[in-house]
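Rule-based calculations on the coordinates, nothing more; no lab input. This is a predicted model, so every value here is computed, not measured. Note that each Cβ is placed from the backbone with ideal geometry, even for glycine, and that neighbours are counted across all protein chains shown.
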Amino acid sequence: MSEITENIVFKKDSGEEISTLQKYVGLKSRQGGILTVNFRTPNEDIGEIKKFFEGMRSSESLKYNIGDTGDVECYFKGIAPLLKQTDDTGFEYSFLSITLQELKKNYDDDAPNGCSCS
């Protein structure tokens, strides 16, 4: 079995992708399959991330892969304005939030018709 890597990768259908360290990414699952992805990175790292998501259309399909554990399919919903902040120690960082809609899996279709599984 392979090890889980430290990166999270976002990939567009065009094949364009961006990879960032998991320690800079926070995920919040919301009701109805909505996922908020928060990037909290050093200022010098946020430009590439922002550029990747800024050009996306609402409902454009996207995949993410956490630690090389497998692709999760979703739709892009939107991007919040970029914030620049300073923490208690004086470290300056950028904060960017995007919203995704995970594709709903219909697991009931996996069961054969007439299955009496419980």
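By definition, a body whose alpha carbon gyration tensor gives a ≥ b ≥ c is prolate when a/c is 1.5 or more and a/b is larger than b/c, and the chain fits this prolate description. For the Cα atoms of the chain, what angle does the longest principal axis make with the long axis of helix 43-54, in degrees from 0 to 90, nearest 10? For helix 43-54, the angle is close to 40 degrees.
Judged by the mean number of other Cβ atoms found within 10 Å, the most tightly packed of the peptides 72-81, 88-97 leads the ranking 72-81, 88-97.
Would you work out the charge dipole size for the chain about its Cα centre, treating the Cβ of every Lys and Arg as +1 and the Cβ of every Asp and Glu as -1, and quote it to the nearest 20 debye?
Computed charge dipole of the chain: roughly 460 debye.
Taking square-rooted eigenvalues a ≥ b ≥ c of the alpha carbon gyration tensor, is the stretch 1-61 rounded, prolate or oblate, where a/c under 1.5 means rounded and, failing that, a/b exceeding b/c means prolate? Intermediate values should be presented prior to the final figure.
Numbers: a/c = 1.25, a/b = 1.09, b/c = 1.15.
Here the stretch 1-61 falls in the rounded category.
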